[in-house]
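What follows is a set of notes on a single structure, which appears directly below.
Values in this text are rule-based calculations from the coordinates and carry no lab data. The model shown is predicted, which means the values in this text are computed figures rather than measured ones. With ideal geometry, Cβ positions are generated from the backbone for all residues, glycine too; neighbour counts draw on all protein chains shown.
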Amino acid sequence: MSNDSTIRTFLAIDIDQLCREYIGRVVSELQLSRADVSWVKPGNAHLTLKFLGDISSGTQTLIQEALKNIFMNQEPFDLILSGVGVFPSFEKPRIVWVGIEDKSRTLAGLFELLEPIFESFGFPREKRRFNPHLTLGRVRSGSGRQALNQAIHDRLNYRGSLFHVDHATLYRSDLKPSGAVYTKLFHFPFSRKQT
């Protein structure tokens, strides 16, 4: 292992502008609860496929090469923003999210394809079932929890726009006092044509 400096990284699927606007509206509505939540900026919203944490530039290059082959053979597909909820429970909410509807199950299949590749680089397999979502906010305390829970319950059946997925992105994440700053490191186009 070289003594490269490390960078904090994750693999994600980007969402389009319409979805960002939808998320912005949902966050604005939920903020009215005045709950103690650190809300995600809509421009930072993304669908995480794998959080890698700190990796060296050498490992980053190897991962990019392995992922290129996977994504080259991936057909584009569609997803839908659907529902609002919390992890792990309404009694002790930590993460506020908007759900992803994957009618074709393509996203779940892609996740299953990626896990052994990451495992070959020493990243442990996810213990939890894959539950695609976009994080809207992180709950900091119980202040305003009842109002937040009610606001979320009122939006359980929210339905957002459909968005087309034709690439994945490897991101660098730098934690700043003002929040996380994401920088695109590598773009993986889905090159297989739809049949």
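Quick notes
- Think of the range 6-189 as having a plus end and a minus end, set by charges on the Cβ of Lys, Arg, Asp and Glu; of F118, L156, G144, G144 sits farthest toward the positive end of this dipole.
- Nonlocal amide H pairs with I100, under 5 Å, H built at 1.01 Å: S82
- The GluC sites (Glu not before Pro) of the range 24-124 meeting both criteria, a DSSP state outside H, G, I, E and B (loop) and at most 10 other C-beta atoms within 10 angstrom of the site's C-beta, are E91.
- Using θ = phi - 60° and Karplus 6.51 cos²θ - 1.76 cosθ + 1.60, couplings along the range 123-131 (whole Hz; Gly, Pro as x): 8, x, 5, 5, 7, 7, 4, 5, 10
- Summed residue charge, Cβ within 14 Å of F163's Cβ, Lys/Arg positive, Asp/Glu negative: -4
- Overall shape: prolate for the range 91-195, with the ratio a/c of the largest to smallest alpha carbon gyration tensor axis at 1.5 or above and a/b above b/c.
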